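Report on the following structure.
What follows is calculated from the coordinates using simple rules that are stated; it is not laboratory data. Model, not experiment: these values are computed from the prediction. Positions of Cβ are generated from backbone atoms using ideal geometry, with glycine treated the same way; all protein chains shown enter the neighbour counts.
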Amino acid sequence: MLMIPSVLPTYSRAPLHFVKGEGTWLVEEDGRRFLDLGSGIAVNALGHAHPALVAALTAQAQNLWHVSNLYEIPQQQALADKLVAESFADTVFFTNSGTESCELAVKMARKYWYDKGQPEKTDIIAFAGSFHGRSSAGIAAAGSEKMTKGFGPLLPGFKHLPWGDHEALDAAIDDNTAAILIEPVQGEGGIRPLPDQCMQGLRKLCDEKGVLLVLDEVQCGIGRTGRLFAHEWAGIAPDIMMVAKGIGGGFPLGAVLATEEAASGMTAGTHGSTYGGNPLGCAVGCAVMDHVTDPAFLDGVNRKAGLLRQKLEGLVAAHPDIFEEVRGMGLMLGLKCKIAPADLVKAGYEALVITVPAADNVVRLLPPLTITEDEIGEAIARLDTAASALATPASSSV
């Protein structure tokens with residue numbers, strides 16, 4: 001008799017069955033309403049069932065779903081044009097996920113040097129605490145035992161350095177280095193932003209040493225930090241960038257953005273995707289971009305981010321036995337805990353609030369960018385309830 005479930009048991013799932021989403025809210029099948037501070041792990045940038053996204057998807061679904069990249073796709077062209085107009089990039093390749101974007105970014109960096117007559121430049125430097133997806137390239141780039149154990153032999157050509165060790169980074173670059181791969185804000189690694197001066201120094205180092213800078217903005221991009229892309233705060237530009245999650249607002253969509261120079265090796269036949277850039281995904285992506293590139297929208301994200309952080313600082317002060325600090329930027333914030341993050345996440349379920357665990361004893365708060373100020377107040381109240389349920393009798397509440 002088979003014992004394995006029909007869904008491969010690779011996830012440790014919470015016993016929740018959501019049947020409807022409305023803005024910042026999720027409705028469980030028993031009718032309970034949860035305040036969603038996870039956004040499907042930073043995916044639902046405009047919340048659940050946003051009218052503009054529903055309209056874009058419905059209109060496109062009534063006309064054309066899929067044709068493959070054997071043909072021109074007007075929606076894909078329109079989204080590429082929007083991304084190029086709003087970013088450093090000259091060209092875009094569409095994928096279905098961040099993991100696929102990582103695969104192409106690695107290929108693109110290595111192919112660039114091969115075509116430049118330097119095929120020895122294949123090594124990619126990555127950092128402890130990183131997360132770049134769960135493909136062969138993604139886990140090799142992350143390098144942690146948690147990601148790689150049992151999946152060898154690993155894809156070669158990756159060097160792993162401590163987070164924030166500038167001397168180690170400078171020493172690691174040699175004649176075989178093709179690129180540096182880094183998240184401007186580590187997500188899975190515990191909401192660790194790279195300071196602006198470090199990002200600027202990294203760009204300068206890449207220019208001096210002649211290596212490509214590849215940014216992973218799968219989680220921190222698309223308005224999450226209050227700019228369209230997180231690296232914009234530092235006033236620099238990468239050579240290659242991975243995006244996904246928020247760009248589709250809940251529809252599976254990703255992309256690799258690149259300069260003309262960095263993408264020069266990716267000629268016809270060097271890469272492809274059956275579903276990537278399909279009409280459905282790109283129609284939704286265009287609607288997302290129309291919203292998140294509006295300066296007024298981003299101003300609102302920054303205003304609400306400031307309010308949420310202020311209130312979270314009060315929450316931390318009120319529960320010193322539970323919390324250590326608030327970290328992050330924009331609406332990509334983390335609560336560094338003195339307890340197991342899983343305990344706070346579980347207590348949140350009882351308080352009807354959704355959060356996401358991360359490494360370094362952090363619980364992530366990744367609400368829809370459309371969260372209201374009233375909902376921020378409600379979020380703090382529910383997080384306070386969760387923290388109080390875990391606190392010692394001597395603790396106080398906000």
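What to note about this one:
- Test item: Cα-centred dipole of the range 96-163, Lys/Arg +1 and Asp/Glu -1 on Cβ, debye: 20 debye
- Both the radius of gyration and Dmax for the range 148-258 are 14.6, 41 Å, in that order, over alpha-carbon atoms.
- Across the chain, Cα-Cα pairs more than 34 Å apart make up 30 percent of the total.
- Largest-first principal axis extents, alpha carbons of the range 64-292, Å: 51, 37, 37
- Most simply put, the range 64-292 has about 40% antiparallel DSSP beta bridges, counting only bridges with both residues inside it.
- Dipole axis of the range 117-266 (+1 Lys, Arg; -1 Asp, Glu on Cβ), positive-most option in G223, L205, A178: G223
- The stretch between E145 and W65 holds 24.8 nm of extra length on full extension. This uses 0.36 nm per residue minus the Cα-Cα distance.
- Here the chain carries DSSP beta bridges of which approximately 65% are antiparallel, counting only pairs with both residues inside.
- Peptides 19-26, 39-46, 281-288, 54-61 ordered by packing proxy, namely the average of other Cβ atoms within 10 Å per residue, highest first: 281-288, 39-46, 19-26, 54-61.
- Distance between the pseudo-spin-label points of H17 and A342 (7 Å out from Cα toward the beta carbon): 2.4 nm.
- Contact order relative to length of the chain, as percent, for alpha carbon pairs under 8 angstrom and 6 or more apart: 23 percent
- If you take the Cα centroid of the range 75-111 and the Cα centroid of the range 13-62, the two points sit 26 Å apart.
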